1. Consider only pairs whose beta carbons are under 6 Å apart and that are at least six residues apart or on different chains; among these, list those whose first residue lies in segment 155-167 and is in contact (Cβ under 8 Å) with a residue 12 or more places away in the chain and whose second residue is of a type in the set (D, E) and part of a strand (DSSP E or B).
2. For segment 36-71, enumerate the residues that are part of a loop (DSSP other than H, G, I, E, B), polar (S, T, N, Q) and either exposed (fewer than 13 other Cβ atoms within 10 Å of the Cβ) or modelled with pLDDT under 95 (or both).
3. Exactly one condition in (1) surrounded by 22 or more Cβ atoms within 10 Å (Cβ to Cβ); (2) under 18 Å from the mean Cα position of the chain (by Cα) is not met by S80; state its number.
4. Do you know which of the residues in segment 12-35 that are touching a helix residue (DSSP H, G or I) at 6+ places or on another chain (Cβ under 7 Å) and assigned to a loop (DSSP other than H, G, I, E, B) is modelled with the lowest pLDDT?
5. Suppose we filter T142, T137, T120 for residues that are of a type in the set (V, I, T) and touching a Ser or Thr at 6+ places or on another chain (Cβ under 8 Å); which single one remains?
6. What's the number of the only condition in (1) crowded, with 18+ Cβ neighbours inside 10 Å; (2) hydrophobic (A, V, I, L, M, F, W, C); (3) modelled with pLDDT of 95 or more that W154 fails to meet?
7. Would you mind stating whether T109 is in contact (Cβ under 8 Å) with a residue 40 or more places away in the chain and polar (S, T, N, Q)?
Amino acid sequence: MIAIRQLPLVILPLALAATAAPAVARAPALADAAGDYRIARSSIIHFNVPQVGGGGGIAGQFTNFSGAFRIDGRNVARSSVEFTLYPDSVRARERRIEEFLRSSAVFDTANFQTVTFRSTRVTQTGPDTATIEGALTARGKTRRERFSVALTDWNRRSISFTIRGNIRRAPYGMDVGTPIYSNVVSFDMNITGVRR
């Protein structure tokens, strides 16, 4: 279920890469945005697993995470991001759903306390957009995942962006409930980085 909407975790330098375009009024020059950032606690990480054929699905968010990213001022492709998500912090509409998500059927938080993402490639796709690829590790399994990033706000001390992505649950051993529930987890994140 760790489909970190192409989270996880992931997931940050894409927006960073988007800062390279000088023509867009909202996008800062790469040199201005360059530097090291920590991910602010005010960031929001939402996820959704649709129910096939309609219905409520499972939606929630994570409240405990940490991470940092670096924007390379000379070459956005050399930017990087590291992100750690603590699945024990998952929140959903009902307590029983939270307990199910923490159980051995999904995140197995008793044996796997973190989900991590480390970027391997950042590619600018537009004046304020990018994609980031990297290694996502959940339940002891590591796979390459990709996220889309869009710059939303920037000043000299912080930068904000949205990150979206879809991750298949089955490769991480979290395919419980399929085919009633989709094998794809969609992530929708609003990430703020504070300059260090």
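1. Note: pairs meeting the criteria are S160/D153; R164/D188; I167/E145.
2. Matches in segment 36-71: S42 only.
3. The single condition S80 does not satisfy is (1).
4. A27
5. Going through T142, T137, T120 in turn, the sole match is T137.
6. Unmet for W154, out of (1) crowded, with 18+ Cβ neighbours inside 10 Å; (2) hydrophobic (A, V, I, L, M, F, W, C); (3) modelled with pLDDT of 95 or more: (3).
7. Considered against the rule, which asks whether it is in contact (Cβ under 8 Å) with a residue 40 or more places away in the chain and polar (S, T, N, Q), T109 comes out as no.
The values are calculated or read from the model by the stated rules, or taken from the named source; none is laboratory data. Since this is a predicted model, take the numbers as computed values, not measurements. Neighbour counts run over all protein chains shown; Cβ positions are idealised from the backbone, glycine included.
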